[in-house]
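Below: the structure, in structure tokens.
The values are calculated or read from the model by the stated rules, or taken from the named source; none is laboratory data. For clarity, every value in this text was computed on a predicted model and none was experimentally measured. Note that each Cβ is placed from the backbone with ideal geometry, even for glycine, and that neighbours are counted across all protein chains shown.
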Amino acid sequence: MTIAESFGAYVDCDGIQFLIPLHELSWIPLVAATDVVNIGDRISLIVDRPPSMSKQFAGPLGSVRRMHPEKHPWHDPSVYSVGTVFMGVVYNPLSYGVFIRHPLQALALLHFEDFDPTTKTLCQGDTVEVVITHLNVEEQDIRVRLK
């Protein structure tokens, strides 16, 4: 059984409740646990801290994302290259630009210097066509501009 909370999810395993923190539920940034799990879902996890090692107020911990390293957005960085055009989804508008989610889940920055936010408003969830203008694999950094 899974119980989703804003900070993660609790999973019952043979009567022991494991907490999976939000950042361990997925390789992609999440706003809430319900983005990937729902109450009653059955999931597999790696145990980070078993019950015998738990601290007084922090119970046993688990991780879903390390069960699937092949789903890491940078598992195969060759799929990202300068000049590649893709349709992405606006993930997180910020004061200096917006993050665009690549179809393989990596986040790319569309900086305000690369488009005028006063003439084109981008909201979370919007789909936009962008081209990769900068790539730094070591820092997992992608910059894009509107196509």
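Computed values, structure above
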quantity: Of the criteria (1) exposed (fewer than 13 other Cβ atoms within 10 Å of the Cβ); (2) over 30 Å from LEU19 (Cα atoms); (3) of a type outside the set (A, V, I, L, M), which one GLU70 fails; calculated: (2)
quantity: Pick from region 51-67, criterion surrounded by 15 or more Cβ atoms within 10 Å (Cβ to Cβ) and aliphatic (A, V, I, L, M), ranking: modelled with the lowest pLDDT; calculated: LEU61
quantity: Positions within region 57-96 being assigned to a helix (DSSP H, G or I), of a type outside the set (Asp, Glu) and under 19 Å from the mean Cα position of the chain (by Cα), in sequence order; calculated: ARG65, ARG66, MET67, PRO69, LYS71, PRO77, VAL79
quantity: Failed item in (1) among the acidic types (Asp, Glu); (2) at pLDDT below 80; (3) out of contact with any Lys or Arg (no Cβ under 9 Å at 6 or more places or on another chain), with ASP48 passing the rest; calculated: (3)
quantity: Candidate set from region 118-131 (those that are surrounded by 12 or more Cβ atoms within 10 Å (Cβ to Cβ) and under 19 Å from the mean Cα position of the chain (by Cα)); member that is nearest to SER81 (Cα to Cα); calculated: VAL128
quantity: Region 108-121 residues that are assigned by TED's automatic domain parsing to the domain that holds ILE142 and closer than 25 Å to PRO77 by Cα, paired with ones that are assigned to a strand (DSSP E or B) and among the acidic types (Asp, Glu) (beta carbon under 9 Å, 6 or more apart); calculated: ALA108/ASP141; LEU109/ASP141
quantity: Residue within region 127-142 that is without any contact (Cβ under 8 Å) to a residue 24 or more places away in the chain, farther than 30 Å from PRO69 by Cβ and either in a strand (DSSP E or B) or of a type outside the set (Ser, Thr, Tyr) (or both) present; calculated: no
quantity: Single residue of region 1-44 satisfying the filter (among the small types (Gly, Ala, Ser) and in a loop (DSSP other than H, G, I, E, B)) that is farthest from VAL90 (Cα to Cα); calculated: GLY15
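One line per residue, one yes/no per condition, for (1) on the phi > 0 side of the Ramachandran plot; (2) at pLDDT below 90; (3) in contact with a Lys or Arg (Cβ under 7 Å, 6 or more places away or on another chain):
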site	(1), (2), (3)
TYR91	no, yes, yes
PHE99	no, no, no
LEU104	no, yes, no
ASP116	no, yes, no
